[in-house]
Amino acid sequence: MSRVREQFRSVLARPTCTLAANIFDPLSASIAHMLEYEVCVLSGSVGKVANLGVPDGVLSNMSDVVDHCRRITRIADVSLMVDAEDGFGNAVNVARTVREMEAAGVSGIEIEDNFVPKQFGVQNPGLISKEEQVGKLRAAVAARTDPTTVIVARSAALGLTPLDEALDRIQAYSQTGAEALMLTGSSSRDQLEAVHRVTTLPLCVLSPPADIRNDPAFLAATGVKILMLGNPTFAVAVKAIFDRLRHLKESGSLEELGDRQATPDLLRSVNRTDEFLQWQEEYLRP
């Protein structure tokens, strides 16, 4: 058992909704930890571009994602929930993915029902069968070596199927031993209310409409425990890097950047300079 996994479970058990920090690398995770976010989320899309420089349509492999997670949890003491895509294969592959992600310190492992990989000439290949996803989730639960690791059943059904089919899938996923549901593509209050009626599992919701995400009372009443706002932090970081490099390339002066730069004190805090200097003082000997 681990403290960060227990913390993740405590967030899921609360009567209120907690805002997660969507991070993309060890640096952003360290900043989220400094700001006392209790849950960090690594999505597949920004994970790929931050770690590999490729778009979401390109497959990353399990080792890519596990190594990325390990670098994050090694430097930032955070409860990390990770988009493990489809588990990187069939149900047997899912079992290995869970073991590797546990060893990397992940607290919550999302297994999605989207069809992966993308099919040639098909804009949206849809979802795998309900039966296949149930098998994957059961395998994920059985593969855990730490009972505090949370398997999260991720579904895009609300945005891709009629509501009755989506609810049927959600009910089936809720019986697999998974301990939370991640919903993508939700577009209305009616959908979330319907989901809450058919499952007792805590809900995690990605990028709901503004009238939902800005209503904490409604989120709490419908069992939403973790709210994710997409990846605005990553988008802001990319623009800042692009703009500053272009400024310097076009003969802009360093002085003109002014307070757009992090202060030395902030940089020192982010990279934990004082902590490492303390280790040197305590343990290095001539």
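The values are calculated or read from the model by the stated rules, or taken from the named source; none is laboratory data. On a predicted model such as this, the values are computed, not experimentally measured, just so you know. All Cβ positions, even for glycine, are placed from backbone atoms using ideal geometry, and neighbour counts span all protein chains on display. Calculation scope for accessible area: heavy atoms of the full protein, side chains included, ligands and nucleic acids excluded. Shrake-Rupley method; radii C 1.70, N 1.55, O 1.52, S 1.80 Å.
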- Plugging the Cβ-Cβ distance of residue 256 and residue 77 into 1/(1 + (r/R0)^6) at R0 = 30 Å yields, to the nearest 0.05, a FRET efficiency of 0.20
- Item | Per-pair calculated FRET efficiency, R0 = 35 Å: residue 131 and residue 267 via Cβ, rounded to 0.05 | 0.10
- Message: If you wrap a convex hull around the alpha carbons of the chain, what volume per residue comes out, as a whole number of Å³?
- Response: 171
- Task: Could you work out which residue, out of 106, 270, 224, moves most in a Gaussian network model of the chain, that is, has the largest mean-square fluctuation with Cα springs under 10 Å?
- Result: 270
- Note on the structure: Answer in debye to the nearest 20: the dipole magnitude of the chain about its Cα centre, from +1 Lys/Arg and -1 Asp/Glu charges placed on Cβ, is 340
- Query: Say we join alpha carbon atoms closer than 10 Å with springs in a Gaussian network model of the chain; which of 258, 44, 230 then has the biggest fluctuation?
  - Reply: 258
- Task: Would you mind telling me which residue in 275, 132, 179 has the biggest mean-square fluctuation in a Gaussian network model of the chain, where springs connect alpha carbons within a distance under 10 angstrom?
- Result: 275
- Task: With a probe of 1.4 Å, find how much accessible area the chain has per residue, and write the answer as a whole number in Å².
- Result: 51
- Message: Explain nothing, just the number: relative contact order of the chain, from Cα pairs under 8 Å at least 6 residues apart, as a whole percent.
- Response: 18
- Note on the structure: In degrees, nearest 10, the alpha-carbon axis of helix 91-103 is tilted away from the dominant principal axis of the alpha carbons of the chain by 30
- Rounded to a whole number, what % of the accessible area of the chain do carbon and sulfur atoms account for, probe 1.4 Å? 55
- Of 233, 93, 269, farthest towards positive along the dipole that unit charges on Lys, Arg, Asp, Glu beta carbons give the chain: 93
